[in-house]
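Scroll down for the structure; my scribbles are underneath it.
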Amino acid sequence: MAHRAPSGRAPAAAPAPSRRLARRVLVLFTLSLSCSYLCYSLLCCCGGGPAAPRARCAPSRAAAAAKKLLQKSRPCGRPPPAEPPGSAAPARRPREPPAPPAGSPPAPARPGAKRLPQAIVVGVKKGGTRAVLEFIRVHPDVRALGTEPHFFDRNYDRGLEWYRSLMPRTLDSQITVEKTPSYFVTKEAPRRIFNMSRDTKLIVVVRNPVTRAISDYTQTLSKKPDIPTFEGLSFRNRSLGLVDTSWNAIRIGMYAVHLESWLQYFPLSQIHFVSGEKLITDPAGEMVKVQDFLGIKRVITDKHFYFNKTKGFPCLKKSESSGLPRCLGKSKGRTHVQIDPEVIEQLRDFYRPYNIKFYETVGQDFRWE
């Protein structure tokens, strides 16, 4: 006969073996997952210093998966900003150039900007314009275009931006200068320059018109040896003393005629006349006047020049680009062709009234008679 428990209750049944096994598996899995997460976190984020911000790495479900993920992922740090939904994938950033070695000087910057010229040497051909340009380029406050752009006579249809692109870069404290001697005898040039800027300063290098014409002819003869004689080109009828003013070499020397076109747009205060003769005998004195006209400090003085006996004109002791002496090119200082003295006298008579009017207009006697 079975005995009952004193309390009257049936004895508690022992836990089922399957439930105990499930609990153990769950505990072991939890411990394994926690250890894997801890190891992965230590490996992933150990590179940052104590003060470095760290982001949580996503836990793996097993140590092997964590190791595989670690090989593919970058070190933990601040994650990149998430792209908004629906946005396209960001473009791949281009590879940055390698940094320069420590201690190397920085790459030189290109200072300044290209500006339209504030001053133009507008004439005259074979008067000494190249000398003026080379001499003024020595000044630190002047940047000059070395070539003749011929914008206001031949290339005006290219536009001001094309013209500006030819100019050298200048700082705010510097002025831009260009020279094209043919502007002085181009009827459209004064108006076109005025339309660019009515404040443009103009430099005209003048020379005895007879000597200038002979120099012009000498240069042309060196390029075209078969041209007619100087006497033949200068006169329509030499016996009557009729000078051919259609020949460019003669026409350029009629300075008073060409100046009238410029005075329609610019006052005399904006035009400076350089004596081509004094530029040879006293280059420093003429360049002092040019510097004063441009409103810049008197930097170019006697110490910058020496007289070259071979060429017959002054040269720079130091050029703009180097500390070496610099003379003008081979085309400068040519020996003039011999002209009949009677022809020279006839041309002097022809130019005399034009010269006198020119002296009176500019208020300066160049003593060409």
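Here, each number is a calculation from the coordinates, and none is a lab measurement. Just so it is clear, the structure is predicted and the values come from calculations on it, not from any experiment. Ideal geometry is used to build each Cβ from the backbone, glycine not excepted, and the neighbour counts take in all protein chains shown.
Computed about its Cα centre, the charge dipole of the range 151-297 is approximately 140 debye, with only Lys, Arg, Asp and Glu carrying charge at their Cβ. Of the peptides 158-166, 227-235, the order by per-residue mean of other Cβ atoms within 10 Å, starting with the highest, comes out as 227-235, 158-166. Distances between placed amide hydrogens fall under 5 Å for VAL177 paired with ARG143, ALA144, LEU145, all partners being 5 or more residues away or on another chain. Amide H contacts of PHE305: LYS317, each under 5 Å away and 5 or more positions distant or on a separate chain (H built 1.01 Å from N in the peptide plane; Pro and chain starts excluded). For the range 135-210, the spread of Cα positions along the three principal axes, ordered from largest to smallest, is 35, 33, 22 Å. When the alpha carbon gyration tensor of the range 98-245 is reduced to an equivalent ellipsoid, its three semi-axes come out at 40, 18, 14 angstrom, largest first. Using all alpha carbons of the range 168-301, what is the percent of pairwise distances in each 5 Å bin, ordered from the shortest bin to the longest? Once binned at 5 Å, the Cα pair distances of the range 168-301 give 2, 8, 15, 18, 17, 16, 12, 7, 4, 2, 1, 0.
For the pair the range 340-362 / the range 293-308, the C-alpha centres are spaced 31 Å from each other. Going through the cross-link list LYS224/LYS289; LYS223/LYS309; LYS179/LYS309; LYS201/LYS357; LYS187/LYS297, which pairs have a Cα-Cα distance over 29 Å in this structure? Over 29 Å Cα-Cα: LYS224/LYS289; LYS187/LYS297.
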